Each structure stands twice: as structure tokens, then as C-alpha cells.
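Written below as C-alpha cells is the structure these notes are about.
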């Protein structure tokens, strides 16, 4: 007789744009009880998913499945770094960046069913001033939008687009110094993103060549551009071609420091935070086990 996998679903009841989809009943009805011994717990406050993930990892669970958006995924993953317990995802958020990169279906029913054939693998993760991230972190316009989006009264793509339109009217480029191992660059930029995965979410591919297993960060800098250039950049962003734009530069590294004129907004996996003038970012190779649908999928 096969030994059942022991897993727990960590469910954020107020996550993202799918609050009205009955995710818990889908899990309860369609999980294969011949393969899994499972339970479901709900988060009660910010940071609770990290506490729960650590608790179940210490109890020897095979996997903790984050049921929510990028924030829930980040919190859950933080609690599993360095353990033998894998992170799984049922995406229910607005962006779902890591889930999309891993090839996990966006439909909750399909996402539950893929667990039956899931496999374990290990991915890299990043650190931004001691805060882990799994998809991207950054400064500049995307950080301002993340802050605005977090303060909005609703979620979803339309709300995110509204946040973009609100911020772009008054946003000013900033000057940054990027210090790598043996070199540095200083320039104005619209945003700087450090990517472990290939996208911010919603299939906005800010780092088309990024890999979760190459031991490197993709550092993407969008230099100042005109209104006329904006449609092309937007088109390329959603068609995996932004690295071909002449106003965008890409570097690969394991570690860097971003220095700016003053403290201000930043983000990790879409979560806004205020940081100082100097921000240290590094890539930690391996360290987080994850469940993916198919070993043939490039991650």
C-alpha cells in the first residue's frame, strides 16, 4: 500500500480577486484521499501563513499548499526555506507570478487536480535587506504602483491598471547606482527590478530569460522613455520581448547593492515596503522545495 502524502492547505480567505470562488469546497471535494492525508487551515492575520508553514514543516508534513495570492505565497514560502517540506500553490490572487512561472493552472479546480501528478523540485530565492522573495523585488515605478494597489479597496487586474494610471501621471524617474561584484553603474531609471522568476504577475514578463534554478538574478533597468515609446514597451512586456527594447538593459548577477538619493518605496513579490537609501539584494541558490505539475516544464 502506498504511503499517503501529508499536506496542509493554508488558505487566505481575503486574497485577491477570487474571494467569491468556493476554493475550500473544491479542495474538499476533489482532493484524492487515496493519495493525500490533508487538512485546511485559514490565516487570521499578516504573517500567520509563515507561522503555520513553520509549524507544519516541524511536524514533518510533505507539503504546505498556499491558497491565495502572491503575498500568501511569499509568507508561506518564507516559513519553508531550508526545510524538507515543499511549497505548493493554489493561485487565488491578482498577479500569481510564481504560480504562473511554475506552470500551475489558474483555474482552482485544475490547480487542485494537478497535485495528483505533481513532483518535487528545488528553486532559488532572493533576499532584499533580509526579506526573502521568490519572484521579483524592486524600486521605482512598480514599487509605487504596488503601494497604491495595496491601499485600494479592491483587487484584480482592473484595479491594478487604475493604480498604474494614477501613479504614472505624477511619477518622476530617479537616479540609482548599481554596484555589482566588480563594477558599478549610475543612471536614471523608470524602474529597477531584480527577478528570480520571469514575471511580475498577470503574464507581464519583466525578465523573459529568468530561471528559478540558475543561481542568478536578472536585473532589469527601464531607462527614461517618451510617451511615444510606452505602447511598444507595454506590448513587449506581455510578449516576452522587453529585453529587446533599446530603453531596457539587463544584467545577471548573484548579488548587488542599489543606492538612491533618499529612502522610499520598494517591493518584494508585490508587497510594498519603505527602505533606506542603500538596498542589498542577493540570490540564494536552492533552499526552497516546491511542487510543480510536470518535470518537463522549464523553471
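The values are calculated or read from the model by the stated rules, or taken from the named source; none is laboratory data. Because the structure is predicted, anything quoted here is derived from the model rather than measured. Cβ sites come from the backbone with ideal geometry, for glycine too, and all protein chains shown count toward neighbours.
Remarks
- Considering only residues in the range 13-31 that are farther than 16 Å from residue 106 by Cα and at pLDDT below 90, the one that is surrounded by the fewest Cβ atoms within 10 Å (Cβ to Cβ) turns out to be 14.
- Selection within the range 208-221 - crowded, with 21+ Cβ neighbours inside 10 Å and closer than 10 Å to residue 252 by Cβ: 210, 217, 218, 219
- Unmet criterion (only one of (1) in a helix (DSSP H, G or I); (2) crowded, with 20+ Cβ neighbours inside 10 Å; (3) touching a helix residue (DSSP H, G or I) at 6+ places or on another chain (Cβ under 6 Å)) for residue 90: (1)
- The range 93-116, subset touching a helix residue (DSSP H, G or I) at 6+ places or on another chain (Cβ under 8 Å) and part of a loop (DSSP other than H, G, I, E, B), residue nearest to residue 204 (Cα to Cα): 95
A quick yes/no check of all residues on (1) part of a loop (DSSP other than H, G, I, E, B); (2) within 30 Å of residue 118 (Cα to Cα); (3) touching a residue at least 24 places away in the same chain (Cβ under 8 Å):
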{"residue": "212", "(1), (2), (3)": "yes, yes, yes"}
{"residue": "221", "(1), (2), (3)": "no, no, yes"}
{"residue": "225", "(1), (2), (3)": "yes, no, yes"}
{"residue": "250", "(1), (2), (3)": "no, no, yes"}
{"residue": "273", "(1), (2), (3)": "no, no, yes"}
{"residue": "283", "(1), (2), (3)": "no, yes, yes"}
{"residue": "288", "(1), (2), (3)": "no, yes, yes"}
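- Within the range 117-127, the set of residues being within 27 Å of residue 268 (Cβ to Cβ) and either touching a helix residue (DSSP H, G or I) at 6+ places or on another chain (Cβ under 8 Å) or not in a strand (DSSP E or B) (or both) comprises 118, 125.
- Lone qualifier among 77, 103, 97 - being in contact (Cβ under 8 Å) with a residue 60 or more places away in the chain, assigned by TED's automatic domain parsing to the domain that holds residue 24, under 15 Å from the mean Cα position of the chain (by Cα) and surrounded by fewer than 21 Cβ atoms within 10 Å (Cβ to Cβ): 103
- Count of the range 173-205 residues which are in a strand (DSSP E or B) and at positive phi: 0
- Boolean, residue 232 is more than 17 Å from residue 134 (Cβ to Cβ), outside any strand (DSSP E or B) and either in contact (Cβ under 8 Å) with a residue 24 or more places away in the chain or not assigned by TED's automatic domain parsing to the domain that holds residue 96 (or both): yes
- Note on the range 207-239: residues that are at pLDDT 95 or above and over 18 Å from residue 123 (Cβ atoms) amount to 3.
- Boolean, residue 68 is over 17 Å from residue 132 (Cα atoms), in contact (Cβ under 8 Å) with a residue 40 or more places away in the chain, in contact with a helix residue (DSSP H, G or I) (Cβ under 6 Å, 6 or more places away or on another chain) and crowded, with 24+ Cβ neighbours inside 10 Å: no
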